[in-house]
Amino acid sequence: MKNKRILTMQDLSCVGQCSLTVALPILSAYGVETCVLPTAVLSNHTMFKGWSYLDLTPEIPAIFENWKNNGVKFDAFLLGYLGKAELMDVAERCFDEFSEAGAPIIIDPVFADNGKLYTGFDINYVAAMRKLIRRADIILPNVTEACFLTGTDYVADYGEEFVRGLAEKLSALTDGKVIITGAEYGGAIGEYVNGKMLRHELLPVKKHGTGDIFASVFTASYLGGASPEDSCNAAAQFVRDSIKATDGEHFYGVYFEKVLKNR
């Protein structure tokens with residue numbers, strides 16, 4: 001049986017453990033043939049003091065034309081950091097033209113956290129993402145992203161009832177499975193999936209790129225046949241182990257490579 005072929009569409013940071021530099025090695029190591037559609041090339045991700053940015057959107061029509069000429073199709077899609085509202089239409093065209101029958105679409109919205117939009121994003125991006133998630137089979141927003149997508153005021157002090165309410169509101173926006181990630185309360189962190197909370201150890205540090213790692217491991221596990229709950233548990237453990245393996249002075253990501261090597 002041939003390996004599943006996935007397309008992951010997100011940016012490429014030349015330095016920094018996030019986005020494609022996380023998704024490509026993790027998905028590949030789990031046995032998934034991983035193809036990429038870089039939306040932009042950054043000198044380094046935006047946690048550094050400064051960065052350069054090369055928009056690759058103008059090249060995408062030529063990429064699509066050659067994929068079409070070569071008969072390229074994908075068995076699954078993982079979308080992460082897109083960066084521009086215009087790329088939502090590009091993503092939909094990609095789904096329409098390059099999907100094998102039944103190819104699942106997994107979308108990690110990646111535009112906000114801790115109650116705030118990331119630098120460079122605005123409400124127009126949120127509106128475009130709200131439209132795009134209609135096409136998803138699975139969405140993986142964090143609590144903040146779920147609030148923006150549903151027009152819910154973010155509160156820092158929340159509990160399971162608040163997260164459940166967000167999931168119900170999101171279910172009105174998409175027929176896909178809603179999994180809310182990174183829900184922190186009661187001294188633990190977890191995901192809301194299939195009507196219940198999964199709870200994990202909450203470590204006393206925050207690290208860049210862990211959401212991208214979670215989405216990548218979740219997707220690899222799910223495509224390998226695991227349930228959404230088991231895929232969440234596998235992804236959460238991988239993230240936790242990666243954080244524990246990382247020196248405190250390493251500010252721009254986690255040593256996921258050490259965990260991947262030993263999995």
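The values are calculated or read from the model by the stated rules, or taken from the named source; none is laboratory data. Quantities reported herein were computed from a predicted structural model and do not represent experimental measurements. FYI the Cβ positions are ideal-geometry reconstructions off the backbone, even for glycines, and counts take in every protein chain you see. When the accessible area is computed, the model is the full protein with side chains, heavy atoms only, and any ligands, DNA or RNA have been set aside. Shrake-Rupley method; radii C 1.70, N 1.55, O 1.52, S 1.80 Å.
Things worth noting here:
- Residue identified as at pLDDT 95 or above, surrounded by fewer than 17 Cβ atoms within 10 Å (Cβ to Cβ) and within 28 Å of LYS4 (Cβ to Cβ) among ALA188, ALA226, ALA215, ALA235: ALA226
- Yes/no for THR246 being under 17 Å from CYS18 (Cβ atoms) and either among the acidic types (Asp, Glu) or part of a loop (DSSP other than H, G, I, E, B) (or both): yes
- Residue check, GLY80 out of contact with any strand residue (DSSP E or B) (no Cβ under 9 Å at 6 or more places or on another chain) and either farther than 18 Å from THR210 by Cα or at pLDDT 95 or above (or both): no
- Selected residue [open to solvent by 10 Å² or more (accessible area, probe 1.4 Å), in contact (Cβ under 8 Å) with a residue 24 or more places away in the chain, closer than 16 Å to ALA146 by Cα and over 18 Å from the mean Cα position of the chain (by Cα)] from GLY182, GLY165, GLY159: GLY159
- Leading residue by the ranking (surrounded by the most Cβ atoms within 10 Å (Cβ to Cβ)) among those in region 101-127 that are under 21 Å from ILE179 (Cβ atoms), free of Cβ contacts under 8 Å to residues at least 40 places away in the same chain and small (Gly, Ala, Ser): ALA112
- Once region 247-262 is narrowed to residues that are closer than 16 Å to PHE48 by Cα and at pLDDT 90 or above, the residue that is most open to solvent (accessible area, probe 1.4 Å) is TYR252.
- Residues in region 128-152 that are out of contact with any helix residue (DSSP H, G or I) (no Cβ under 7 Å at 6 or more places or on another chain) and either open to solvent by 50 Å² or more (accessible area, probe 1.4 Å) or aromatic (Phe, Trp, Tyr) (or both): ARG134, ASP137, GLY151.
- Those residues of region 145-189 which are hydrophobic (A, V, I, L, M, F, W, C) and closer than 23 Å to ASN233 by Cβ, in sequence order: ALA146, PHE162, VAL163, LEU166, ALA167, LEU170, VAL178, ILE179, ILE180, ALA183, ALA188, ILE189
- Selected residue (criterion: nearest to ASN233 (Cα to Cα)) from residues of region 196-207 that are in a loop (DSSP other than H, G, I, E, B) and open to solvent by less than 50 Å² (accessible area, probe 1.4 Å): LEU203
- Test for VAL22: is it open to solvent by 40 Å² or more (accessible area, probe 1.4 Å), in contact (Cβ under 8 Å) with a residue 24 or more places away in the chain and within 18 Å of the chain's Cα centre (by Cα): no
- Applying the condition of being touching a helix residue (DSSP H, G or I) at 6+ places or on another chain (Cβ under 9 Å), outside any loop (DSSP other than H, G, I, E, B) and farther than 13 Å from ALA128 by Cα to region 62-89 and asking which residue is most open to solvent (accessible area, probe 1.4 Å) yields LYS68.
- Condition check for LEU198: under 26 Å from LYS4 (Cα atoms) and in contact with a helix residue (DSSP H, G or I) (Cβ under 9 Å, 6 or more places away or on another chain): no
- Going through (1) closer than 19 Å to VAL36 by Cβ; (2) in contact with a strand residue (DSSP E or B) (Cβ under 7 Å, 6 or more places away or on another chain); (3) open to solvent by 10 Å² or more (accessible area, probe 1.4 Å) one by one, PHE98 falls short only on (3).
- Residue that is of a type in the set (Val, Ile, Thr) and under 21 Å from ALA128 (Cβ atoms), where the choices are THR34, THR39: THR39
- Region 39-60, subset part of a strand (DSSP E or B), open to solvent by 30 Å² or more (accessible area, probe 1.4 Å) and not hydroxyl-bearing (Ser, Thr, Tyr), residue nearest to ARG263 (Cα to Cα): VAL41
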